[in-house]
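The values are calculated or read from the model by the stated rules, or taken from the named source; none is laboratory data. Quick caveat, the model's predicted, so the values are computed rather than measured. In this analysis, Cβ positions are derived from the backbone assuming ideal geometry, glycine residues included, and neighbour counts consider all displayed protein chains.
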């Protein structure tokens, strides 16, 4: 039975490949899990439409990420913290703190997208990268100041 793969399958091939598989494997595994479509002219058209929609969605997501990157580059956020002598913090500023500060500024970003190699432990100005899209990384200026 010939099927069109909707996802990469390690043992069969890449997405979009037309492969020959055992009828039982197709009926009992691939088709119910929506991993493949039967290779008919109608299903080929459906697959092509799905592909076009996916490309359009990726473009839209990238455009939104670019717009957000421009906003982030133009702004800075201030995080007031308790600090002792020598400008050392009693705690540290983490990606969660930065995400909350951005939320107060009107931009909601998941804390997992804020890329901090290690928490900030002293006062100062930091340029923190934010990974918005696999291709797009923006920098936010973070001011860590004493309360």
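Yes/no per residue for (1) outside any strand (DSSP E or B); (2) free of Cβ contacts under 8 Å to residues at least 40 places away in the same chain; (3) touching a strand residue (DSSP E or B) at 6+ places or on another chain (Cβ under 9 Å):
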| site | (1), (2), (3) |
| --- | --- |
| 50 | yes, no, no |
| 57 | yes, yes, no |
| 65 | yes, no, yes |
| 73 | yes, no, yes |
| 97 | yes, yes, yes |
| 100 | yes, yes, yes |
| 108 | yes, yes, no |
| 116 | yes, yes, yes |
| 128 | no, yes, yes |
Restricted to the range 127-143 and to residues being more than 18 Å from residue 67 (Cβ to Cβ) and in contact with a helix residue (DSSP H, G or I) (Cβ under 9 Å, 6 or more places away or on another chain), the residue surrounded by the fewest Cβ atoms within 10 Å (Cβ to Cβ) is 141
Here the residues within the range 75-89 that are assigned to a strand (DSSP E or B) and farther than 13 Å from residue 107 by Cα are 78, 79, 80, 81, 83, 88, 89
Is it the case that residue 37 is touching a helix residue (DSSP H, G or I) at 6+ places or on another chain (Cβ under 7 Å) and modelled with pLDDT under 95?
yes
Can residue 138 be described as assigned to a helix (DSSP H, G or I), touching a strand residue (DSSP E or B) at 6+ places or on another chain (Cβ under 7 Å) and touching a residue at least 60 places away in the same chain (Cβ under 8 Å)?
-> no
Of (1) modelled with pLDDT of 90 or more; (2) not assigned by TED's automatic domain parsing to the domain that holds residue 6; (3) not in a strand (DSSP E or B), residue 132 fails just (3)
